[in-house]
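Beneath this line is the structure, given in structure tokens, with notes to follow.
The values are calculated or read from the model by the stated rules, or taken from the named source; none is laboratory data. The model shown is predicted, which means the values in this text are computed figures rather than measured ones. Using ideal geometry, Cβ is built from the backbone for each residue, glycine included, and neighbour counts are taken over all protein chains shown.
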């Protein structure tokens, strides 16, 4: 998935090991899985060469996407069409 982090969210993530993001729409910290239980445990964190992007490797508990899929990138662009390539997880 792709999400925003601010300094506070990154610090909380690195300190607790539970992934926390910044919700731009709600203007507050968003702790992944707070309401759904689909938490993300931090495995490894990396910075890009410019230091302006963070990559988190996580242990995902349940689906990562609000659609119930294991990740948010389930639409493949194939020539001139978009193809759904991943089904939601069964419960």
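For region 59-78, the condition of being in a strand (DSSP E or B), under 13 Å from the mean Cα position of the chain (by Cα) and either in contact (Cβ under 8 Å) with a residue 24 or more places away in the chain or at positive phi (or both) holds for none of the residues. Scanning region 33-46 for residues that are over 24 Å from residue 88 (Cα atoms) and either touching a helix residue (DSSP H, G or I) at 6+ places or on another chain (Cβ under 8 Å) or at pLDDT below 95 (or both) turns up just one, 45.
Looking for something assigned to a loop (DSSP other than H, G, I, E, B), surrounded by 12 or more Cβ atoms within 10 Å (Cβ to Cβ) and within 16 Å of the chain's Cα centre (by Cα) - is there at least one such residue anywhere in region 43-54?
For region 43-54, residues assigned to a loop (DSSP other than H, G, I, E, B), surrounded by 12 or more Cβ atoms within 10 Å (Cβ to Cβ) and within 16 Å of the chain's Cα centre (by Cα): absent.
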